[in-house]
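Heads up, the thing below is written out as structure tokens.
Any read-out appearing in this document is the output of simple, stated calculations on the displayed coordinates, not a laboratory observation. These numbers come from a predicted model, not from an experiment. In this analysis, Cβ positions are derived from the backbone assuming ideal geometry, glycine residues included, and neighbour counts consider all displayed protein chains.
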Amino acid sequence: MNKRQLGNRREEQAVSFLRSKGYRILAQNFRCRQGEIDIIGERGGCLVFFEVKYRSGAGCGDPAEAVDQRKQQRIYHTARYYLYKNGYDQDRACRFDVIALYGDGRIIQIENAFDAV
């Protein structure tokens, strides 16, 4: 299995996890000039932009640590474009979460993983 196939498989795991928690999935792999957002969902009137990270073992570090400030900025600017493109108001409630997947099968959602930068 190549990296893209593995990534797609992990993102599908994250989508199933989010649906089980009551999220409505609006988009996957949203891309634009600014960057990419893995999953965009909504629950309770809040729009959520999800970054999915996977690590097979502890020796590879924690998945959430891979979302550095540069990545956060790209996600933020991509999210702004998504809001604009889809006609959302500027005051729309939204947040940025990280879905961390581990080689042992654990899935952890880190809500409000970072603020808009």
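Matching residues to (1) part of a loop (DSSP other than H, G, I, E, B); (2) free of Cβ contacts under 8 Å to residues at least 40 places away in the same chain:
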| site | (1), (2) |
| --- | --- |
| Leu6 | no, no |
| Ala27 | no, no |
| Arg70 | no, yes |
| Ala79 | no, no |
| Gly87 | yes, yes |
| Val98 | no, no |
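Going by the structure shown, is Asp91 in a loop (DSSP other than H, G, I, E, B) and on the phi < 0 side of the Ramachandran plot? Yes. Just one residue in the set Phe50, Phe17 is closer than 23 Å to Tyr84 by Cβ and surrounded by 12 or more Cβ atoms within 10 Å (Cβ to Cβ); that residue is Phe50.
Among the residues making up the stretch 77-91, a single one is of a type in the set (Gly, Ala, Ser) and under 19 Å from the mean Cα position of the chain (by Cα): Ala79. Each residue in the stretch 1-50 was checked for being charged (D, E, K, R) and more than 24 Å from Tyr76 (Cβ to Cβ), and 5 of them qualify.
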